[in-house]
Every structure is written in structure tokens, then in C-alpha cells.
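The values are calculated or read from the model by the stated rules, or taken from the named source; none is laboratory data. Note that this is a predicted model, so its numbers are computed, not measured. Here the Cβ is made from the backbone with ideal geometry for all residues, glycine too, and neighbour counts use every protein chain on show. Just the protein is used for accessible areas: all its heavy atoms, side chains included, with ligands, DNA and RNA removed. Shrake-Rupley method; radii C 1.70, N 1.55, O 1.52, S 1.80 Å.
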Amino acid sequence: ATGASARYLGLESEQRLRNKGVTACATCDGAFYRDQDVAVIGGGDSACEEATFLTRFASKVYLVHRRDELRASKIMAERALAHEKIEAVWNTELTAYHPGDDGKMKSVSIRNRESGEEGSLEVKGVFIAIGHVPNSGFLNGLAELDENGYILQVPGKTVTKTPGLYAAGDV
């Protein structure tokens with residue numbers, strides 16, 4: 001049960017800013033951003049859940065999504081968008097991270113996908129909620145994988161095509 005790892009944007013300086021403003025876990029890191037502005041990147045249930053959770057700590061939460069509506073379930077989307085601390089930033093993608101002199105997140109650059117207009121958000125934290133990548137690369141053909149790298153199993157069973165190799169959880 002090797003699990004899955006958070007998918008990141010792959011932008012320059014993202015790796016360097018991990019745990020210095022870039023993270024994928026509001027539950028783990030949200031309390032570090034008390035009374036600060038943060039951004040959540042994504043539009044699904046996870047992004048809405050992360051944004052809503054962060055309202056316990058952050059002064060403002062920008063919910064940045066590349067489309068003009070959330071993919072989240074209706075109830076999750078409504079809950080997030082109704083919260084006074086959450087501001088949706090539609091049709092927008094994050095294009096760069098900018099650290100301050102202390103080496104921690106200071107701001108991000110954003111670009112509207114429709115108008116091309118560029119801007120920035122002054123945020124101390126960016127929470128990436130755009131999905132996960134299964135940790136299945138080590139299998140080297142021992143199990144059949146779908147197009148996303150998840151192990152294909154017999155429904156309701158943990159067996160794989162290799163005798164003695166079982167899959168559990170995200171993998």
C-alpha cells in the first residue's frame with residue numbers, strides 16, 4: 001500500500017518553496033498561516049474542502065481555478081463559495097511563485113486564461129489541490145495500470161496479475 005503523492009504544478013521554484021509556502025495539505029500546514037492570506041489551487045471537492053478548512057486560520061483564502069465553474073460536488077462548491085473568507089478567482093492559472101527576502105512565499109503571479117490579463121496575489125501560502133499521482137512506478141509491469149498509473153484490480157479484490165502481489169488503498 002504505497003499510496004499516492006500530491007500532484008504539483010511543476011513551476012520554477014516550487015520545489016524550493018515546499019514547506020516554505022507551497023504545500024498540498026491544509027490539515028497538516030493550515031495552522032502555520034493564521035491571520036495571513038493564502039491561495040488554494042484547484043476546483044474539485046478536495047480544493048473546496050481545503051479552502052473551507054483554511055478559513056479557520058487564514059484571514060483570506062483565494063480559490064484559484066482554471067475554469068469558470070467548480071468541478072466539486074454542488075454541496076461542496078456552495079459551501080466554499082458562500083464563505084465570507086473565500087474569494088473565487090475564475091479562469092485563472094498560477095504562473096509563478098515569488099519568495100520574499102526570507103526565502104518564504106511572498107506572492108504569486110496569475111494569468112486569466114480568457115483575457116490573458118496578468119496579475120498577482122500577495123499570499124504567504126499556496127495549497128495545491130489538483131489531484132494525486134499513485135506511487136506505482138516501481139512495479140515495472142508486475143501489475144496492470146490504468147492511464148493514470150492506478151493498479152487495475154478485479155472489483156472487490158486486492159489481487160493483481162502477479163501471484164502474491166496485492167494492491168490496497170490508492171495503489
* Selection from region 6-50 of residues that are of a type in the set (Gly, Ala, Ser), open to solvent by less than 30 Å² (accessible area, probe 1.4 Å) and over 12 Å from Gly125 (Cβ atoms) -> Ser13, Gly42, Gly43, Gly44, Ala47
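Hey, which of the strands (runs of 3 or more DSSP E) in region 111-163, taking only ones fully inside, have at least 3 residues that are surrounded by 15 or more Cβ atoms within 10 Å (Cβ to Cβ) and touching a residue at least 40 places away in the same chain (Cβ under 8 Å)? Give the derivation first.
Working: elements: 118-121, 125-128, 132-134.
Counting at least 3 such residues, we get 125-128, 132-134.
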* Asked: Would you say Gly42 is of a type in the set (Gly, Ala, Ser) and at positive phi?
  -> yes
* Exactly one condition in (1) farther than 28 Å from Leu139 by Cβ; (2) within 13 Å of the chain's Cα centre (by Cα) is not met by Gly44; state its number. => (1)
* **Top-ranked residue of region 78-110 - restricted to ones that are in contact (Cβ under 8 Å) with a residue 12 or more places away in the chain and part of a loop (DSSP other than H, G, I, E, B), ranked as farthest from Asp45 (Cα to Cα)** => Gly103
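Out of region 29-61, which residues are assigned to a strand (DSSP E or B), within 15 Å of Leu81 (Cα to Cα), touching a residue at least 40 places away in the same chain (Cβ under 8 Å) and of a type outside the set (Gly, Ala, Ser)? First the steps, then the outcome.
So in region 29-61, the residues assigned to a strand (DSSP E or B) come out as 37-41, 60-61.
If we keep only those that are within 15 Å of Leu81 (Cα to Cα) as well, we get 39-41, 60-61.
Then keep just the ones that are touching a residue at least 40 places away in the same chain (Cβ under 8 Å); that gives 39-41.
Hits for region 29-61 are Val40, Ile41.
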